[in-house]
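Structure first, then comments.
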Amino acid sequence: MVNLKGLTEKQQKVLDIIISYIKTQGLPPTIREIKKLSEINSLRGVVLQLEALEKEGLIQRKSTARGIIVPSSLLIESNKKISIPLMACSIPAGHATDINDYSDEQIKVNLSQTKGLKNVFAVKVCGDSMIGENINDGDTAIIFPQLVANDGEIVAAKTENGVTLKKYRIVEGRSMLLPANLKYEPITKGFKIQGKLINILKK
């Protein structure tokens with residue numbers, strides 16, 4: 001079983017069914033087969049779970065009956081342990097603070113927890129501005145370094161006051177960083193994306 005944090009029980013079950021089916025049958029299941037194996041009530045219900053998995057980057061879909069594609073890392077190396085650097089200081093899900101460089105500390109994670117990406121780093125979350133996304137103080141965020149993001153993705157971004165973890169949104173053509181806690185204000189200027197959130201390891 002590929003156990004990924006942040007997935008709902010249904011999403012995890014559907015992902016496990018897909019991976020198991022591919023390993024045993026040599027090809028991906030159809031939506032009807034997933035419905036039968038998962039005991040989800042409707043085909044639409046299965047599609048909703050597949051859409052969620054695709055949004056998380058765990059599968060891709062083509063417009064064919066057996067068009068589900070799973071990254072090879074989840075099929076072959078899902079339980080392989082890799083070491084990734086831990087940032088020298090915590091990333092705030094609250095007010096921004098400085099992040100300088102990696103510490104000498106490394107943490108071990110399953111390759112599946114990085115969604116097959118190896119060039120990632122980890123940071124400890126502090127603060128409560130992202131509690132609406134179930135990202136809490138003390139959790140560990142897995143970040144993939146990149147300078148751009150899609151609307152709706154959670155990012156690590158450098159601001160005038162340091163680096164923070166927020167949701168990136170484009171509203172009426174304007175880019176901004178949104179907290180998931182009404183106590184905090186959106187950040188509407190003076191920020192640069194440093195990486196995209198890949199996964200959250202709960203404390």
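The values are calculated or read from the model by the stated rules, or taken from the named source; none is laboratory data. Here the structure is a predicted model, which means the values were calculated and not measured. Note: ideal-geometry Cβ built from the backbone for every residue, glycine included; neighbour counts use all protein chains shown.
Within the stretch 23-55, being closer than 17 Å to residue 72 by Cα, at pLDDT 90 or above, of a type in the set (D, E, K, R) and over 15 Å from the mean Cα position of the chain (by Cα) holds for no residue. So is residue 53 loosely packed, with under 14 Cβ neighbours inside 10 Å, over 18 Å from residue 118 (Cβ atoms) and touching a helix residue (DSSP H, G or I) at 6+ places or on another chain (Cβ under 7 Å) or not? Answer is no for this residue. Picking from residues in the stretch 20-50 that are in a helix (DSSP H, G or I) and in contact with a helix residue (DSSP H, G or I) (Cβ under 6 Å, 6 or more places away or on another chain), the one that is nearest to residue 197 (Cα to Cα) is 49.
Residues of the stretch 163-179 include none that is aromatic (Phe, Trp, Tyr) and in contact with a Gly (Cβ under 6 Å, 6 or more places away or on another chain). Report yes if some residue within the stretch 11-22 is more than 20 Å from the chain's Cα centre (by Cα), over 28 Å from residue 81 (Cβ atoms) and either surrounded by 17 or more Cβ atoms within 10 Å (Cβ to Cβ) or not assigned by TED's automatic domain parsing to the domain that holds residue 150 (or both); otherwise report no. No; the residues of the stretch 11-22 include none that is more than 20 Å from the chain's Cα centre (by Cα), over 28 Å from residue 81 (Cβ atoms) and either surrounded by 17 or more Cβ atoms within 10 Å (Cβ to Cβ) or not assigned by TED's automatic domain parsing to the domain that holds residue 150 (or both). Candidates are the residues of the stretch 56-79 that are surrounded by 12 or more Cβ atoms within 10 Å (Cβ to Cβ) and among the basic types (Lys, Arg); the one that is farthest from the chain's Cα centre (by Cα) is 66.
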